[in-house]
Ligand code: S3P
């Protein structure tokens with residue numbers, strides 16, 4: 001296992017950097033490519049470990065995918081919706097909940113038997129939330145521990161029943177699984193969400209000509225007979241960029257320009273909170289392309305104040321809460337996060353992980369059932385912390401180390417490749433080079 005030694009940085013970060021590629025959109029780009037008939041080119045594809053799991057899954061269904069990593073591009077050749085074939089092996093989604101849940105939705109419309117498994121972390125994550133509603137399609141779906149955990153199977157059919165379902169939790173993964181299932185429905189399906197969650201699946205499918213509408217929180221999906229192959233160019237990942245944005249905010253005199261970041265409002269809650277905390281950034285060149293908003297973000301150092309983040313905002317900043325904890329620790333006053341119990345079922349229990357590790361380095365933070373409370377400002381002390389094998393915890397702790405006052409060792413650092421393989425080289429591009437990775 002690898003660990004990284006982070007030396008604190010007393011200088012500024014600066015310069016221009018292209019945002020890391022978007023993980024959520026890359027999964028979906030590959031998936032809609034597999035549902036399209038012909039050759040789909042997906043530019044701006046993230047070659048992170050999670051998206052590679054999606055590619056392997058789709059290949060097992062007979063989709064041909066050429067990877068051009070240098071060009072950040074994949075080329076997807078597929079017989080399209082209704083023509084994917086039964087896999088000859090189990091689909092291993094690795095660490096990726098998005099791969100597992102979204103492909104499970106697609107599997108209901110494939111005439112055959114698909115089995116899903118994952119790594120130690122993923123096999124402990126809740127799957128009843130997709131298994132139960134996917135049964136509404138008439139496909140057979142079942143899994144370990146009374147349909148709760150992977151491995152699980154889907155015995156799909158070329159055509160499934162149309163359905164109506166109200167999501168009990170605002171989850172884009174569950175919603176997207178159901179949208180993919182609805183594409184093979186015998187009529188229009190309806191999905192109601194309690195709060196808006198990221199709508200990338202809806203945007204991409206609509207861009208490709210699928211009739212998908214949202215009326216008062218209810219999404220209506222009309223199954224297409226065919227989806228033509230097309231060209232897609234995906235924006236960068238605000239979730240990954242948030243680590244760079246946080247660093248530039250925290251280090252005095254810093255100023256960076258992050259180019260081509262996805263700004264979809266159902267993903268951009270981090271920016272709303274940063275603004276409320278007193279963050280100094282501006283968005284330039286905002287535009288819509290391929291169904292998604294994108295733009296450049298110019299960030300400068302600023303001092304911050306504590307804020308309250310409640311339930312309604314959680315779905316739009318769900319993955320940014322660990323890095324918000326770092327900002328909150330440096331902010332003047334109290335930050336309270338509530339309604340975030342979903343964080344307990346991510347790659348690790350992120351509420352416990354972030355509070356435990358930040359306490360070790362001197363942060364005044366208390367865990368709550370559905371969030372945490374931070375009293376700032378704090379000085380990050382050095383020492384040793386653990387990522388729990390969770391990429392977003394690992395990168396948040398690295399940012400704490402850089403902005404701290406003594407060397408910080410972050411154990412189990414390899415996991416950054418799950419979403420952001422170029423994390424350390426991007427830190428170097430904006431001027432921070434004082435880290436060493438070593439084998440333990
Ligand atoms: C994702 C949705 C979110 C998020 C995850 C990616 C997606 O999960 O935490 O990292 O791509 O749909 P939930 O939908 O389970 O909240």
For the range 23-233, what proportion of DSSP beta bridges, expressed in % and rounded to the nearest 5, is antiparallel?
75 percent
Could you tell me the extents of the range 113-212's C-alpha atoms along the three principal axes, largest first, rounded to whole Å?
37, 29, 22
P(r) of the range 208-347 over all Cα-Cα pairs, binned every 5 Å from zero, in whole percent
2, 9, 16, 18, 17, 14, 10, 6, 4, 2, 1, 0
Could you tell me how many degrees, from 0 to 90 and to the nearest 10, lie between the Cα long axis of helix 321-330 and the main elongation axis, the longest principal axis, of the Cα atoms of the chain?
10 degrees
With the cut-off at 1.5 for a/c, could you classify the range 23-233 from its C-alpha gyration tensor as rounded, prolate or oblate?
rounded
Length-normalised contact order of the range 23-233 in % [C-alpha pairs under 8 Å, at least 6 apart]:
20 percent
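Based on the Kirkwood radius over alpha-carbon pairs, what is the Stokes-Einstein translational diffusion coefficient of the chain at 37 °C with 0.692 mPa s viscosity, in µm²/s?
Here the translational diffusion coefficient equals 150 µm²/s.
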What is the range 352-402's relative contact order, in percent, from Cα pairs under 8 angstrom and six or more apart in sequence?
31 percent
Shape call for the range 290-363 from the C-alpha gyration tensor, a ≥ b ≥ c root eigenvalues: rounded (a/c under 1.5), prolate (a/b greater than b/c) or oblate?
oblate
Helix 172-182 vs. the chain, principal-axis angle (Cα, 0 to 90°, nearest 10)
10 degrees
Additional length obtainable on full extension of the chain from residue 157 to residue 406, 0.36 nm per residue less Cα span:
83.8 nm
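Antiparallel as a % of all DSSP beta bridges within the range 304-440, to the nearest 5?
55 percent
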When DSSP beta bridges are limited to those with both residues in the chain, what percentage is antiparallel, rounded to the nearest 5?
75 percent
What number, in percent, do you get for the relative contact order of the chain if the mean sequence gap of Cα pairs under 8 Å and at least 6 apart is divided by its residue count?
19 percent
By Cβ neighbour count within 10 Å, fewest first, 254, 239, 46 rank 254, 239, 46
Based on DSSP H runs of at least 4 residues, each adding -39500 (n - 2.57), what is the mean residue ellipticity at 222 nm of the chain after dividing by all its residues, to the nearest 500 deg cm²/dmol?
-8500 deg cm²/dmol
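Quick one: 355, 272, 40, fewest Cβ neighbours within 10 Å first, how do they rank? If you can, show how the numbers build up before the last one.
Numbers: 355 21, 272 15, 40 27.
Result, fewest neighbours first: 272, 355, 40.
Throughout, read-outs are computed from the coordinates displayed, never taken from laboratory work. Keep in mind it's a predicted model, so treat the numbers as computed, not measured. Neighbour counts run over all protein chains shown; Cβ positions are idealised from the backbone, glycine included.
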